[in-house]
1. I need the chymotrypsin sites (Phe, Trp or Tyr not before Pro) found in the stretch 52-152, filtered to DSSP loop residues with at most 10 other beta carbons within 10 Å of theirs.
2. Go ahead and run the numbers for FRET between Y112 and I43, Cβ-Cβ distance against an R0 of 22 Å, rounding to 0.05.
3. So which trypsin sites (Lys or Arg not before Pro) in the stretch 41-75 are both in a DSSP loop and have at most 10 other Cβ atoms within 10 Å of their Cβ?
4. Semi-axes of the equivalent ellipsoid for the chain, please: Cα gyration tensor eigenvalues, times 5, square-rooted, ordered largest first, whole Å.
5. Suppose R0 equals 35 Å; then what is the FRET efficiency for D76 and Y143 from their Cβ-Cβ distance, rounded to the nearest 0.05?
Amino acid sequence: MSSEENLRIGVYPGSFDPITRGHLDIIERSSRIFDRLVVGVLINSAKKPLFSADERVKMIQSVTRHLPNVEVRFFDGLTVDFAQSEHAHVIVRGLRAVTDFEYELQMAQMNYTMRPGIDTIFLTTDLRYAYLSSSIVREVAQYGGDISRFVPEEIVPLVKQKIRDSDGGGQTQEVR
Ligand code: ADP
């Protein structure tokens, strides 16, 4: 019925290395705001991620199976170019604390300057996840801590396995 340009399309970009319960909360809430939400997994060549872009995409696909209007892709380059290629008018970001604010504001202003047709909106984190980040999850897992409250249930064994693999030489592992 409605053409692509009448749809409300949002992109939610990030590293998601790995996806946490905080990210999933933002995805679930954004999926109710947009007709279509595209989660963009950034291939950051400057950083050496724990999971490959392909693994991160598959993990997010598997934990968002219950959300029919959510798609997941990886991208390289500028977020505004990715948003444009997805016909999105909105970039979604999550805000945990005031420490996120300065960087996020700068990014949003820069993106708006580059592409005035694309706005950034911020969703404030659910307080249960305000302290949560992918790097904390990686660190806790590295030291054998329990990460089950931090990442979706099916992600727990994948992180543990990946940490074991990377300790022993860093093979990549396929996600179902
Ligand atoms: P990036 O490297 O782009 O910051 P992340 O994967 O760390 O990518 O985060 C992607 C987005 O999700 C960012 O907007 C970040 O602020 C947000 N985010 C990260 N952790 C949480 C959380 N626990 N609750 C809500 N939003 C979060």
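A short reminder: the numbers here are calculations on the coordinates, not readings from a lab. None of the values given here were measured: they were computed from a predicted structure. Note: ideal-geometry Cβ built from the backbone for every residue, glycine included; neighbour counts use all protein chains shown.
1. Details: sites: F74, F75, F82, F101, Y103, Y112, F122, Y129, Y131, Y143, F150; in loops: Y131, Y143, F150.
Those that pass, being in a loop and sparsely packed, are Y143.
2. Details: r = 24 Å, r/R0 = 1.07.
The computed FRET efficiency comes out at 0.40.
3. Details: sites: K47, R56, K58, R65, R73; in loops: K47, R65.
Passing both the DSSP loop test and the Cβ count: K47, R65.
4. Taking √(5λ) for each Cα gyration eigenvalue gives 28, 17, 16 Å.
5. Working: r = 32 Å, r/R0 = 0.91.
Calculated value: 0.65.
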